[in-house]
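Visitor: One structure, as structure tokens, below. Some questions next.
Derivation of every value follows stated rules applied to the coordinates shown; laboratory data play no part. In this text the structure is predicted, and so the values were computed from the model without any measurement. Positions of Cβ are generated from backbone atoms using ideal geometry, with glycine treated the same way; all protein chains shown enter the neighbour counts.
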Amino acid sequence: MHAFSYQNGLLHCENVALTTLAEQHGTPLYVYSANTILDHFTRLDAALAGIDHEVAYAVKANSNIAVLRLLANAGAGFDIVSAGELYRVIKAGGNPAHCTFAGVGKTRDEMIYALQQGIYCFNVESEAELRYLNAVAAELGVVAPAAVRVNPNVDAKTHKYISTGKSENKFGIDFDSIEDLYARAAVELKNISLRGLQMHIGSQLTSVKPFVEAVEKVKPLALRLKEQHGIEFWSIGGGIGIVYHDSLASGNPSWWQQQSADTKPLTIEDYGSAIVPLLKDVGLKILLEPGRYIVGNAGVLITSCLYEKKGSAKTFKIVDAGMNDLIRPALYEGHHEIAPLKEQQGELVKADIVGPICESGDFFCQDREMPDFQAGDVIALLSAGAYGFAMASNYNTRPLPAEILVDGSSAKVIRRRQTLDDVLAGEVAE
């Protein structure tokens, strides 16, 4: 599942001790495992081997260009949601012809840039957007490849902020309206080529059932659109969940096993065995758009304990990372397992781990039992590779952390730590 484990009492990423990286580069610090990223990509690709397919990594999960280059070299396509992400993919050596452009609010400049770069397809979210794309393409004298996103009204049973496939969500076209839209677009929009169909029901799904339900519901539609309009691909979205309540490798301390929930992960093998048989007879190229599954368990955020504060109601352990560095706990009530970099024995304590930001929501856990680490100790927030640094900010004028990519026994800086001058760059005082 990932390459983080205790070796000789020290938490390692692959063959590199995280204590060494903390000493060399300071904290807060993001660290990623290259081999975990590649393992997850290749396993997912292999699980779909029975059908014509492409795994298009969702750049928004972790957009560092070193991560993108790693995946581009492995043969990944890319799911992008902005011109900036397309620019990153190109800088990383990715091929725009293997990029699909999603998102509900594409601007004119973004459309022009993507058309000029020759992307594979626009995943369109509304009739208004489709008509606007047609007008922009006409001005440029080109034909824009497009797929319309269908909203299948399937409940993914995930957090309300990352559910995207129900009728009350802002994404896509109602299932009952989409065939009529394709029919009108084929006649009226001369600068649109209807290349495919797209859907995505949500993120962090830990059961295969919603995927199966959505594919079974949309499959007849995809077959009709293939017959009527000659579409060539069907994007079934991403959303494969990861385990945030997770033990480290076997043989780790008993306290860790006590903290691990009994959540059974959705394995990629279970996903493939359920989905591939449904798609074999479709006769369309299948696109898959995973993000979190590829990088989520491949990264950690390292942070140092600054102080311990014991009050009448709670014990607080105050660390140097804040919600600006990792916002998932505050935004999504996201859970991250916490592990000291140096293996600890002894009694567990119940505490809140909080950051230095002036917000009550600036916490990484509350009332959790954990080893009694103290000021000066360094800990790791696990499963922080997706939507960690990608959603980080300079709130409270805090410089962004550095990022490190580990490959075996080597570790390289893939983003240097910001300075205060970096944070203020672009501002004008007079």
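Visitor: Specify whether the C-alpha gyration tensor of the range 297-424 places it in the rounded, prolate or oblate class, a ≥ b ≥ c being the square roots of the eigenvalues: rounded for a/c under 1.5, otherwise prolate if a/b is larger than b/c and oblate if not.
Guide: Judged from the Cα gyration tensor, the range 297-424 comes out oblate (a/c at least 1.5, b/c at or above a/b).
Visitor: Hey, which of these cross-link pairs are over 26 Å Cα-Cα: K226/K280; K314/K342; K91/K342? Don't jump to the answer; show the numbers that get you there.
Guide: Values: K226/K280 15 Å; K314/K342 24 Å; K91/K342 38 Å.
Over 26 Å apart, Cα to Cα: K91/K342.
Visitor: Return a whole-number percent for the relative contact order of the range 297-424, with Cα pairs under 8 Å and 6 or more residues apart as the contact set.
Guide: On the way: 266 pairs, mean separation 37.6, N = 128.
Averaging sequence separation for qualifying contacts and normalising by length gives 29 percent for the range 297-424.
Visitor: Run down the aspartates and glutamates and flag those whose C-alpha is under 12 Å from the C-alpha of K309, throwing out any fewer than 8 positions away in its chain.
Guide: Candidates past the 8-residue exclusion: D352.
Visitor: Something else: Evaluate the relative contact order of the chain (contact order divided by residue number), counting alpha-carbon pairs under 8 angstrom at least 6 apart; express in whole percent. Present the calculation step by step, with values, prior to reporting the outcome.
Guide: Numbers: 940 pairs, mean separation 85.8, N = 430.
Reported relative contact order: 20 percent.
Visitor: Taking the dipole about the Cα centre of the chain, with the C-beta of Lys and Arg at +1 and of Asp and Glu at -1, give me whichever of A313, F364, S5 is farthest to the positive side.
Guide: S5
Visitor: With only Lys, Arg, Asp and Glu charged, each at its Cβ (+1 for the first two, -1 for the last two), find how big the charge dipole of the chain is about the Cα centre; round to the nearest 20 debye.
Guide: Values: 38 positive and 51 negative charges, 73 e Å.
About 360 debye.
Visitor: I need the shape label for the range 1-46. Rule: rounded when a/c is under 1.5, else prolate if a/b > b/c, else oblate, with a, b, c from the alpha carbon gyration tensor.
Guide: Details: a/c = 3.85, a/b = 1.90, b/c = 2.03.
Since a/c reaches 1.5 but b/c is at least a/b, the shape of the range 1-46 is classed as oblate.
Visitor: Still on this structure, please answer the following. Which Cα, out of V55, F389, C121, lies furthest along the positive dipole direction of the chain (beta carbon charges, K/R +1, D/E -1)?
Guide: C121
Visitor: OK, next. By DSSP, what percent of the beta bridges with both residues in the chain are antiparallel, rounded to the nearest 5? Don't skip to the answer; put the middle values down first.
Guide: Details: 35 of 72 bridges.
Once the DSSP bridges in the chain are tallied, antiparallel ones form about 50 percent.
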